[in-house]
Amino acid sequence: MSEVIIGIDLGTTNSEVAVVQDGKIIVIEDNHQKILPSFVGMSDSGEILVGEAAKNQYTLYPEHTIKSIKRQMGQDIKVSMGDKEYSPQEISAIILKRLKSIAENYLGHAVQKAVITVPAYFSDAQRQATREAGEIAGLEVVRMINEPTAAALSYEAQQQAHKKVLVYDLGGGTFDVSVVSIEDDVVEVLASHGNNQLGGDDFDNKIVEYIVEHLEDKHDLDISESPKVMARIARAAEKAKRALSDDPFIKLEEEYLCEKEGTPIHLSLELSRIDYESLIEDYIDETLEAVHIALKGAELTVSNIDEVLLVGGSTRTPMINDRLYQEFGVEPHKEINPDLCVATGAAIQAAMIAGQSIGSVLVDITPYTFGTSVVGELNGEYCHDRFAPIIHKNSSLPISKTEAFCTMFDGQKEVEVIIFQGEDPDALNNIKIDEFIVEGLSDAPAGNVITIQLTLDLNGILQVSAQEKATGLEKSITINNALSDYEETDLEQAKQRINALFNDDEKEVFDAEDEEHHEIIKATALLEKAKRQMEEASDEDKEDMVDLIEQINDAIKAEDFETLSTTTEELADILYYLDE
Ligand code: AMP
């Protein structure tokens, strides 16, 4: 039997150890946890704490705890923990020693050799320090590989590929983007860029600021000087951030947060994904600038990139997936757990060196995107069938995602939910897999929020539920075979139906009902435009516009298409002159 070499991702925030066994790649658990927080601490009784236990004491005893030591690797400094001083190598060695013993416990024998990953930008001194940390921990570092190379190996373990891949890695405290070239089994980093002070912790801090401001405004309370309260808020913020990756709204609730003049203060605050995204938008913009710098460094452009790989826990933020999709026009790969794919890549490299055979990293994913249709802009025109993805292709299963949508009209009593499978921005080019109507909505103005939740399990069972957010009114359906490859004929039929719309001889498919629907869509688009341009209008025009908006809304409700047609024309005229 060949000697086992373990693969280690020694991260700034978290670390993991993985191994290939019988061709299978296994990230080894310790206490049911695959992730070991990269924290080292000293307990009151002088005992060394590593991982979760050290992380837990960090807020209360920062002087006894060390985090993010990776940032100091390669520097000739000492860090203090309790009453002693340590080199960065020594602290990293404590983490490595723990990972080594986790692996030994699992394997049942001693381990001497490891492959350790390092950021592509690490200098010689930083790499040397990592090697020394391994030695102190009793590990021979048989190879150090770049983190993006490891991530690429996780995705490409079995394939004989010729590809250019972009690895976007956003963790808790660091961001790196690398352009990687894969030529058969030679994986090479062509260029790398990033910011080693940017990550999910910054996103948490934005939510913390948001809460602190809320407490100031609502309760005239300054909690910034109270470490215990701030620690609770920081925890709540991180939890909220994670939840916002799956849900469009979350409620931040903390009972008995503190007291003010003898009265207990509870935190109860809603945060929407849209508002959260505006809080972190500048950070995301910065990462995209770095993407372009890395591309330039590799002398490539967006169109040369075949695949985008997401690495690091923070890439679960949907906005990151969406922005990269917009930028590259390909759905980013996220099927391998982004927290673990550097460790699995290290294990694959280790197995290659040890001469073991390797299977691919097996994960269950959805090969399709699922979503619904909405009124929106498509190719510069308003249409009522723009595809709105909810679960994206390449997501690992099981998965549950919720998105928020709005009613279009005042007093709208029902919404039609149609579920599609496919990738095309025009929902009609995708495959319709089911539909239902939610009736009995409350009498609310346009903009009444309806959330749609899709939950897809390993057996391809898709649960769809739509809920009126304000009242909780809900309707659900179950689709039993959502992952089956829908018959080619369905797709063919959809294509023919669409093509027919462009074929003069078959124009009759555009029947009266379509025509009326079209009028409503046109009117809705115009109403939105009118509301946007209201500010620019003169007082007189404004009055006319308000009047017409009301008449149009009434005509839609009454399904009076004659009035709808004349009033939309009048409104269009006013907007035309405003545009001039
Ligand atoms: P890493 O350093 O790669 O382990 O990533 C850790 C970071 O990922 C932390 O900032 C986490 O809060 C963040 N993270 C983990 N899960 C999620 C999630 N579901 N949505 C957004 N961020 C997440």
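Throughout, read-outs are computed from the coordinates displayed, never taken from laboratory work. Just so it is clear, the model here is predicted, and its values are computed rather than measured. Please note: Cβ atoms are built from the backbone with ideal geometry, for glycine as well, and neighbour counts cover all protein chains shown.
Miscellaneous remarks
- Residue (of 444, 419, 375) at the positive-pole extreme of the stretch 370-457, dipole from beta-carbon charges: 419
- Residue-averaged 222 nm ellipticity for the chain, from DSSP H runs of 4+ at -39500 (n - 2.57), nearest 500: -12000 deg cm²/dmol
- Taking 0.36 nm per residue of separation and subtracting the current Cα-Cα distance, fully stretching the chain between residue 569 and residue 112 would add 156.6 nm.
- Check: the chain dipole with +1 on Lys, Arg Cβ and -1 on Asp, Glu Cβ, in debye: 4320 debye
- Straight-distance crosslink candidates among lysines, where the alpha carbon sits under 26 Å from residue 334 and sequence neighbours closer than 8 are dropped: 24, 34, 70, 163, 164, 206, 239, 241, 296, 393, 401, 432
- Set of lysines with alpha-carbon distance to residue 531 below 28 Å, sequence-local pairs under 8 removed: 413, 469, 522, 542, 557
- Pairwise label distance in nanometres, residue 461 with residue 279, each label 7 Å out on the Cα-Cβ vector: 3.6 nm
- Spread over its residues, the convex hull of the C-alpha atoms of the stretch 204-249 is 65 Å³ per residue.
- Test item: Cα-centred dipole of the stretch 69-216, Lys/Arg +1 and Asp/Glu -1 on Cβ, debye: 460 debye
- Spin-label model distance (nm) - residue 364 vs residue 449, 7 Å beyond Cα toward Cβ: 3.2 nm
- Under a 5 Å amide H cut-off, with hydrogens placed 1.01 Å from N, residue 257 pairs with 265, 266, 267 among residues at least 5 apart or on other chains.
- Sequentially through the stretch 453-465, phi angles give Karplus couplings (6.51, -1.76, 1.60; θ = phi - 60°) of 10, 10, 10, 10, 9, 5, 8, x, 8, 10, 9, 10, 9 Hz, Gly and Pro residues having no value and appearing as x.
- Each residue of the stretch 249-254 was assigned a 3J(HN,Hα) from its phi angle through the Karplus curve 6.51 cos²θ - 1.76 cosθ + 1.60 (θ = phi - 60°); the sequence is 9, 9, 10, 8, 10, 9 Hz, with glycine and proline shown as x.
- For the chain, the residue among 287, 575, 336 whose Cα projects farthest onto the positive side of the dipole built from Cβ charges is 336.
- Cα centroid of the stretch 528-563 to Cα centroid of the stretch 125-153, whole Å: 66 Å
- Local net charge near residue 266, Cβ-Cβ under 9 Å (Lys/Arg +1, Asp/Glu -1): -3
- Across the stretch 370-457, C-alpha contacts under 8 Å between residues 6 or more apart give a mean separation that, scaled by the residue count, equals a relative contact order of 35 percent.
- Computed over the alpha-carbon pairs of the stretch 515-579, the distance histogram in 10 Å steps reads 23, 57, 19, 1 percent, short to long.
- Over the chain, Cα pairs under 8 Å with separation of 6+ residues give a relative contact order of 11 percent.
- Euclidean distance of C-alpha centroids, the stretch 62-84 and the stretch 45-60, integer Å: 14 Å
- Sorted from longest to shortest, the spans of the Cα atoms of the stretch 370-457 along the three principal axes equal 39, 31, 18 Å.
- Once you reduce the stretch 447-479 and the stretch 170-209 to the center of their Cα atoms, the two points are 34 Å from each other.
- The smallest convex shape that holds all Cα atoms of the stretch 35-131, its convex hull, gives 113 Å³ per residue.
- For the stretch 82-88, putting each phi into the Karplus relation 6.51 cos²θ - 1.76 cosθ + 1.60 with θ = phi - 60° gives couplings of x, 9, 10, 10, 9, 7, x Hz, in residue order, rounded to whole numbers and with x for Gly and Pro.
- The H on the amide N of residue 146, modeled in the peptide plane, is under 5 Å from the matching H of 118, each at least 5 residues off or on a different chain.
- Here's how it looks for residue 405: its modeled amide H is under 5 Å from those of 450, 451, 452, which are all 5 or more places away or on a different chain.
- Evaluated at q = 0.05, 0.12 Å⁻¹: base-10 log I(q)/I(0), Debye formula over Cα of the chain: -0.28, -1.28
- Structural descriptor for the stretch 515-579: relative contact order 43 percent, calculated from alpha carbon pairs under 8 angstrom and at least 6 residues apart.
- A simple spin-label model places pseudo-atoms 7 Å from Cα toward Cβ; at residue 235 and residue 480 they are separated by 4.5 nm.
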